[in-house]
Each structure stands twice: as C-alpha cells, then as structure tokens.
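A short worksheet on the structure shown next.
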Amino acid sequence: MNIKLDLSFLPIELSSSIIRSIKKELSSQNNVIGITETKSNSMTSDRNENRVVGFTDDTDQLYTVRWVNGSLKDFKLFVENILRNNYDEYMVAEDTEAINTLTILKQGDVEQFGMHMCSHCGTFFKSIEERTVHERIHYFM
C-alpha cells in the first residue's frame, strides 16, 4: 500500500527531521540497507519492505511511503509513536479528501481547520459540541 504523508503545514527543517526519523525507524524494523528518495513517481523498491520511496516535487512536501505491514491505521499508529517520542507537540490527522493520505499538524492548528480532537483517544469531530459529548463518554467508562 502506498501512503501519502503531507508535511506541507510544517517548516521545511522540521519536515526533513520527521522524514529522517521515519526512515530510521523503517530501516531498523526491516534491516533495510538503502532507502531511496527519488524525484519521480517511479516506485522501485522491494515489495516486502516498508520504506519512503519518493516525493512529488521539491516544493510540495507530499511524501510517498510504501507500507506493507498492515493498514493505513497501522501506519498512522507508527507515525504517532515517532511523533510522541520526538515531536510531542505534533499529531497525525487523516486527510478526508484524499485516499491513503495522512497530514502532520501542530496540535493547536487542528481547530483552525474546523476539526476538534478528543483529548483522550484522538478521534476528530466537526464541532466542539460533538467532541464534548464524546469526551463525556470517556468519564463513564
């Protein structure tokens, strides 16, 4: 499965650092010797390895990651773990308009996009009211 990771809402230095962290984790999981990052859309890599395989162009910070060890949800958890360990003020959001696309945002920026996140489980809601009702459920469990 090819997953797009949108880092366009982050400064270039931070997005480069996050991509390095993802590559490092992917290579340590799979014992990958080389991870390629090409400027074309060609996907030339072993189908049995997770890896960052490319980005669309220099100005667009949209990276493509080949993920073979599970679903989009599994990859999201993988990235969330990296962010939790190294970049705790950032979070992963699923792009509702593009298939298999995740976006990394600063936690305070999420509300600017009309999304409200549950502080307990990370579920997104369209309004503060929906989020508040949902969060109350956590207290009863």
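I need a count of the residues in region 111-141 that are under 22 Å from residue 82 (Cα atoms) and either part of a loop (DSSP other than H, G, I, E, B) or in contact with a Leu (Cβ under 7 Å, 6 or more places away or on another chain) (or both).
Qualifying residue count, region 111-141: 6.
Return the residue satisfying two criteria in turn: it lies in region 67-78 and is open to solvent by less than 50 Å² (accessible area, probe 1.4 Å), touching an Asp or Glu at 6+ places or on another chain (Cβ under 9 Å) and of a type outside the set (Phe, Trp, Tyr), and of such residues it is farthest from residue 29 (Cα to Cα).
Across region 67-78, the extreme among qualifying residues is 72.
Residues in region 88-110 that are outside any loop (DSSP other than H, G, I, E, B), surrounded by 12 or more Cβ atoms within 10 Å (Cβ to Cβ) and either in contact with a Pro (Cβ under 8 Å, 6 or more places away or on another chain) or modelled with pLDDT under 80 (or both): how many?
Number of matching residues: 3.
What's the number of the only condition in (1) modelled with pLDDT of 85 or more; (2) surrounded by fewer than 17 Cβ atoms within 10 Å (Cβ to Cβ); (3) of a type in the set (Val, Ile, Thr) that residue 38 fails to meet?
It is condition (1) that residue 38 fails.
The values are calculated or read from the model by the stated rules, or taken from the named source; none is laboratory data. Remember, it's a predicted structure, so these values are computed and weren't measured experimentally. Cβ atoms come from the backbone with ideal geometry, glycine included; neighbour counts cover every protein chain shown. Surface accessibility is based on the protein's heavy atoms, side chains included, excluding ligands, DNA and RNA. Shrake-Rupley method; radii C 1.70, N 1.55, O 1.52, S 1.80 Å.
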